[in-house]
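Please read the structure below before turning to the comments.
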Amino acid sequence: MTLFEEPAYNFSCLWALGGAGFSAAEVGEVLTAVNAVDKAGLSAQTYVRTFRELGDRLMGPPPGSEPDDETTRFRALRAAQYYAQALFFVLGSDDPGSEEDLYRAGRGAWDRFCDLSDPAPVKADVPYGAVPLPVWFFRPDPSETRRPTVILTNGSDGQNVDMWTYGVAAALDRGWNALVYDGPGQGQVLFVDRVVFTPAWERVVGPLVDWLSDRPDVDVSRIGLTGLSMAGNLAPRAAAFEDRIAALVAMPGCVEPWLGFPAEVREILTTSKAETNGIWNEEVVPGLSPAEAATMKKRFEPFSVPAMLAARRGSVFTDFYTPATRIRALRITDLVPHIRMPTLVLDYEGEQFYPGQAQQMFDALTAPKDYVKLTAAEGAQLHCSPMAPQLHCEVVFDWLQEILG
């Protein structure tokens, strides 16, 4: 389906459309925004402005009567989606310095949605180094009944609203608990606290499992872990070290995120920091188009605070070597055989970021394993099945039900 000819904007809008299946978007709102962007001329500026204004509008009341809590709640969820749309492209706009404010707007919408939920998720800060991890613990009711619990791990540029679409709603519908969190390189921990990704994701998941284990409503023998997008690398890495996880889902399987960058980008990295940064600053940066520069800013900011701050000033980062080395360190090829719990590896027809890596992960697994490839015939093609999150959740949670019961 083509809404925009430019692939990044098209994929992002398909993602928003898919959220409608879980009340995290409205088809008419998204398509009207697309038409507005088309009329104004597609650019980062028109896209950001259109979706931010849509988010702002949704944080207010609808036409007519005074809204009740349920109306306010789901308008806030849709607003969180639209703010996330704007946030993704803001570094390429004429106001990149508004990135943190735009993140906070989306976070405010998410928190309003959560606060009006019944029961509201338990909010907490889980200890992690010098900066705690914010968590939202969703449960179907406030009783102390022990239930299966799924830890939902986001990718390198997702927001909390995506975890509602790709797991929270499905878990609650089945009477399960779901834990949403911001890890290093994600959400509040990145945009506000300025902590970037770590390859040692087991040090992130371990404290989360500790926190869950202290709760009377969690069956500690039935904790599942999912990883969406680049977290199809992070979650398996953690699972290789964390034996309290009873089931693992990689969506998709990703053994080496660095390979998700074009070859011409990967070739910049050498064994010498000085040589690498010389190539980057003297040979590559001068030739980047504005769109290419915006893409590099966005993809590197979760791995480098200086890169993020430079992008907010409208500049391209000068140290390529450090974040590139961090991304390359995410390779888990040697760790996959050490995963011991049952594992589901998802793959997608037309996977545009990590092609072939899901099959590679599946082949390397020595634990009980299953592989499912979602296809265009089902409307579930492309990275993470943006147009089919309902089908996606059916596949994932039916499998988890078999394992966790």
Please verify whether the stretch 355-363 includes one or more residues that are over 18 Å from the mean Cα position of the chain (by Cα) and in the same structural domain as Ile279 (by TED's automatic domain parsing).
-> no
Please verify whether the stretch 56-70 includes one or more residues that are buried (at least 22 other Cβ atoms within 10 Å of the Cβ), of a type outside the set (Asp, Glu) and in the same structural domain as Gly18 (by TED's automatic domain parsing).
-> yes
If Thr145 satisfies every condition in (1) in a loop (DSSP other than H, G, I, E, B); (2) of a type in the set (Ser, Thr, Tyr); (3) closer than 24 Å to Tyr82 by Cα but one, which is the exception?
-> (3)
Could you list, in sequence order, the residues of the stretch 175-190 that are in a loop (DSSP other than H, G, I, E, B), within 22 Å of Ile223 (Cα to Cα) and touching a helix residue (DSSP H, G or I) at 6+ places or on another chain (Cβ under 6 Å)?
-> Asp182, Gly183
State which residue is surrounded by the most Cβ atoms within 10 Å (Cβ to Cβ) when the search covers only the stretch 105-131 and only residues that are without any contact (Cβ under 8 Å) to a residue 60 or more places away in the chain and in contact with a strand residue (DSSP E or B) (Cβ under 7 Å, 6 or more places away or on another chain).
-> Cys114
Among the residues of the stretch 344-380, write down those that are free of Cβ contacts under 8 Å to residues at least 24 places away in the same chain, under 19 Å from Phe261 (Cβ atoms) and of a type in the set (Asp, Glu).
-> none
Complete set of residues in the stretch 132-155 that are surrounded by 23 or more Cβ atoms within 10 Å (Cβ to Cβ) and either modelled with pLDDT under 95 or among the aliphatic types (A, V, I, L, M) (or both) = Leu133, Val150, Ile151, Leu152
When every residue in the stretch 351-395 that is hydrophobic (A, V, I, L, M, F, W, C) and farther than 21 Å from Asn154 by Cβ is compared, the one surrounded by the fewest Cβ atoms within 10 Å (Cβ to Cβ) is Ala377
Right, Val316: closer than 30 Å to Gly278 by Cβ, outside any helix (DSSP H, G or I), in contact with a Leu (Cβ under 8 Å, 6 or more places away or on another chain) and at pLDDT 95 or above or not?
-> yes
Find all pairs meeting these conditions: Cβ atoms under 9 angstrom apart; at least six residues apart or on different chains; first residue within the stretch 178-205 and outside the structural domain of Leu335 (by TED's automatic domain parsing); second residue in a helix (DSSP H, G or I) and at pLDDT below 95.
-> none
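The values are calculated or read from the model by the stated rules, or taken from the named source; none is laboratory data. Predicted model only: the values in this text are computed from it and were never measured. Note that we place each Cβ from the backbone using ideal geometry, even for glycine, and neighbour counts take in every protein chain shown.
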